[in-house]
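Derivation of every value follows stated rules applied to the coordinates shown; laboratory data play no part. Every value quoted in this text rests on a predicted model; they were computed, and no experiment measured them. Note that we place each Cβ from the backbone using ideal geometry, even for glycine, and neighbour counts take in every protein chain shown.
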């Protein structure tokens, strides 16, 4: 299935959105597919950030075992501040 992701933070380097082909039905499958997509497009630095990032559907943060919702998702990179 194809999943559209809104890109936030450092992922904006990819544009406002990116479409990823996912084989599977969980957020973990999406994470694996996005990392593969980024490596295929010579974005190894961003692929490393995916492991520490969170996916969200609206105001809901998703966990790796969650099923992929049928809506546009966002990827939220880790942030630092203070």
Take the alpha carbon atoms of segment 1-24, find their center, do the same for segment 44-66, and report the distance between the two centers in whole angstrom.
-> 11
Virtual spin-label span in nm between residue 57 and residue 16, 7 Å along Cα→Cβ | 2.3
Note on the chain, DSSP bridge orientation, antiparallel percent to nearest 5 equals 80
Under 1.5 on a/c is rounded, so check that first for segment 1-60, then, if it is not, pick prolate when a/b is larger than b/c and oblate when it is not; a ≥ b ≥ c are the square roots of the alpha carbon gyration tensor eigenvalues.
-> rounded
Chain lengthening between residue 42 and residue 25 when straightened (0.36 nm per residue, less Cα-Cα) = 3.6 nm
Placing each pseudo-label 7 Å from Cα in the direction of the beta carbon, residue 1 and residue 64 end up separated by a distance in nanometres of 2.0
